[in-house]
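Chemist: Can you read through this structure? Questions will come right after.
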Amino acid sequence: MREHTQRLVNGFGDSSRDPDDLEEHQMYLALDVGPQITAGHYRYIEAIRDRRFPIVDEERGLCHAIVVFDHPGDIDQPGGEVPFGAPNSMIIFEAFKMTREGIGEVWAIGTTVPFGSRAGWN
């Protein structure tokens, strides 16, 4: 992960946000992606499965991934907040922009489905 890596999820800034615009329980959104991972803010994702990488463009440093995240609904983030509150899975389409220093940008689009749902490509 490159320093200052930003992640955009469903059009929402999921990292590197202005702390003045955040409430106390949202302060993790002011962190870059790397520090969010180190601090455990994605530990509510129990499993990442059914991974596909249909496009990898080494020349442009782009990678497209399709995965399923499983959220059991009982794993909290630092600070005690449970992000979803109920079990679900999420089909995620992500694009990564990479440089020699690492991942620099992440764009994601996802939708929730019932917990444990099968991926349509298996």
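Taken together, the values in this text are just the output of simple stated rules run on the coordinates, not laboratory data. Predicted model, so just to flag it, every value in this text is computed and none were measured. We place every Cβ from the backbone using ideal geometry, glycine too, and count neighbours over all the protein chains shown.
Chemist: For the chain, which span is the longest to avoid every loop-located (per DSSP) member of GluC sites (Glu not before Pro) having at most 12 other Cβ atoms inside 10 Å?
Modeler: In short, 60-100.
Chemist: At 7 Å along the Cα-to-beta-carbon direction for both SER16 and THR112, put a label point, then send me their distance in nm to one decimal.
Modeler: It works out to 2.8 nm between the two label points.
Chemist: List the residues of region 23-45 whose backbone N lies under 19 Å from a point placed 7 Å from the Cα of ASN122 along the Cα-to-Cβ direction.
Modeler: 45
Chemist: If the chain between GLU94 and MET1 were fully stretched, how many nm would it gain, using 0.36 nm times the residue separation less the Cα-Cα distance?
Modeler: 32.0 nm
Chemist: Give me the one-decimal nm value for the distance between modelled label points at ASP74 and GLU58, 7 Å along each residue's Cα-to-Cβ direction.
Modeler: 4.5
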